[in-house]
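The values are calculated or read from the model by the stated rules, or taken from the named source; none is laboratory data. Computed from a prediction, not measured in an experiment: that's the story for all the values here. With ideal geometry, Cβ positions are generated from the backbone for all residues, glycine too; neighbour counts draw on all protein chains shown.
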Amino acid sequence: MGAGMAGSDAALAAARLGVHVDLFEMRPKVRTPAHQTDRFAEMVCSNSLGGEGLTNAKGLMQAEMRAAGGAIVTAADDARVPAGGALAVDRAQMAERVTERVMAHPLVHVHRDELAEVPSGPTVLATGPLTSDRFAESLAAHVGGSFLGFYDAAAPIVSFESIDMTVAYRKGRYGQADDYINLPLDEETYDRFYERLAEARSHTPHDWEKLEFFEGCMPIEEIARRGKETPRFGPMKPVGLEDPETGRRHHAVVQLRQEDAEGRMWSLVGFQTGLKWGDQKELVRMLPGLQDAEIVRYGVMHRNTYLNAPTLLNADLSLRAHPQHFVAGVLAGTEGYLESSATGWLAGLNAARYAQGLAPVVPPESSMLGGLTRFLSGANPDGFQPMNANWGLVPNAPKKDEHGRRMAKRDRREWMYHHGLEAFNAWLAGLQPSLPDVAPVPAHPEPVTPAVR
Ligand SMILES: Cc1cc2nc3c(=O)[nH]c(=O)nc-3n(C[C@H](O)[C@H](O)[C@H](O)COP(=O)(O)OP(=O)(O)OC[C@H]3O[C@@H](n4cnc5c(N)ncnc54)[C@H](O)[C@@H]3O)c2cc1C
């Protein structure tokens, strides 16, 4: 269902296994507020699939999708435009290529219709962030009611590694379990932070993106607009978070909440924001303990439809309660064109395997796709937000190399890249039945050569 980033990859992955695919796409009969054309895999905003290279988490996922023969990455490589270190594309050309490839496949039968209900057979649900209202309603009933988010109001997430724990301290409010990391602000730091926040720039919302903010999900910049003291009575409230060593109450405190089972990623509680990423970075780094913060995901605010994946999905992307139904793309709780296409590929593969009576598969933990789907099924369901490819999803590199020397951050990222890609290549090669036309991408090229696939 849906011929976007995820659905296009899913249809072709399933067809590659020799399975007949009925692909339903509602455009142009039913329009979304963001798509402009009737083409498949239309990019609704930026024209980039993210940064490339051996130290980039998206770079690893791109390489995995090249090895897997993913439809979106393959078309992106063909339609690329120069963009520094990013995989940016001519969006019209890319959509054209994907559409042609899908339409030309003898096993893919395209239906230009909206589906309002989940079909009973093996299906990939990939209707995206702008899922039609009728389908959203029936899907909510299918998965049990209140599991759909209707807009995305996400806070920035930082890596644990980059938090200065000599400044931050662990404590739960009013002495509850020490589940939170707290960042203390004195009055002067708070004043400076507030002034910077008050002048920070928002992404200009499109008309259709204008949101009615619910009180519990108000962006931090909106809270700040209500007055200098308002954040101190909201997400920066210091009460109950007195310093464990001195017993002193700080002027303000920002709390970080664990995002993944391993504790590699932490989000800023109550800091959902639509501020420009440059401003977000500056503001986050003004907070004591986050002066060197690595932001693994920026805050965003726009209309969105996605499932609470951790309560509903297995790591193979099937619904726990309906194993014949696989979910991919934004609907499955991912964020980004690349991540949507990669989960689409896996969901298509597994739906085809299901149709053939085979068990579903999950890529290895150290691969970016394997890390992402494990996160989706195992993340903290409380306030779950869609996730993109980042280094917090896969196990860390050792701190020292085989000679006992401390590895620099860059070297550790490269280690994770090589390790992840090697594991992914080996997993692909071992799939039974094997996938036709799989060509492993060498894990050690320098630089990465996108044409290899
Ligand atoms: C406004 C906006 C801007 C974004 N900007 C970016 C960005 O710049 N960069 C980025 O990486 N990500 C961005 N995203 C996030 C996301 O990565 C993209 O939306 C991506 O296209 C999601 O892929 P998808 O396959 O899940 O959904 P889509 O690509 O949207 O595909 C879903 C398809 O399903 C169809 N459909 C919906 N309901 C039905 C139905 N009932 N029956 C049949 N067909 C149906 C739709 O017409 C659509 O073609 C943005 C999202 C939004 C909402």
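Miscellaneous remarks
- Unique residue being closer than 30 Å to Leu312 by Cα, more than 14 Å from the ligand (Cβ to nearest atom), surrounded by 24 or more Cβ atoms within 10 Å (Cβ to Cβ) and at pLDDT 95 or above when the list is Ala126, Ala63, Ala71, Ala41: Ala63
- When His325 is tested against the conditions (1) within 15 Å of the ligand (Cβ to nearest atom); (2) within 30 Å of Glu221 (Cβ to Cβ), the lone failure is (2).
- Residues in segment 168-178 that are touching a strand residue (DSSP E or B) at 6+ places or on another chain (Cβ under 7 Å) and part of a loop (DSSP other than H, G, I, E, B): 3 in all.
- Qualifying positions in segment 408-427 - more than 23 Å from Val441 (Cβ to Cβ) and either within 21 Å of the chain's Cα centre (by Cα) or in a loop (DSSP other than H, G, I, E, B) (or both): Ala408
- Within segment 334-372, the set of residues being among the small types (Gly, Ala, Ser), buried (at least 21 other Cβ atoms within 10 Å of the Cβ) and in a helix (DSSP H, G or I) comprises Ser340, Ser341, Ala342, Gly344, Ala347, Gly348, Ala351, Ala352, Gly370, Gly371.
- Within segment 86-104, tally of residues that are closer than 14 Å to Glu42 by Cα and of a type in the set (A, V, I, L, M, F, W, C): 7
- Pairing each residue of segment 1-20 that is touching a residue at least 12 places away in the same chain (Cβ under 8 Å) and within 8 Å of the ligand (Cβ to nearest atom) with any residue that is of a type in the set (Phe, Trp, Tyr) and assigned to a helix (DSSP H, G or I), provided the two are 6+ apart or on different chains, yields C-beta distances under 8 Å for Met1/Phe135; Met5/Tyr337.
- One residue from Gly85, Gly50 being out of contact with any Phe, Trp or Tyr (no Cβ under 6 Å at 6 or more places or on another chain), at pLDDT below 95, more than 12 Å from the ligand (Cβ to nearest atom) and more than 28 Å from Leu115 (Cα to Cα): Gly85
- Counting only strands (runs of 3 or more DSSP E) that fall entirely inside segment 228-317 and contain at least 3 residues that are within 30 Å of Ala351 (Cα to Cα), the qualifying elements are 300-307.
- Residue check, Ala141 more than 7 Å from the ligand (Cβ to nearest atom), loosely packed, with under 14 Cβ neighbours inside 10 Å and modelled with pLDDT under 95: yes
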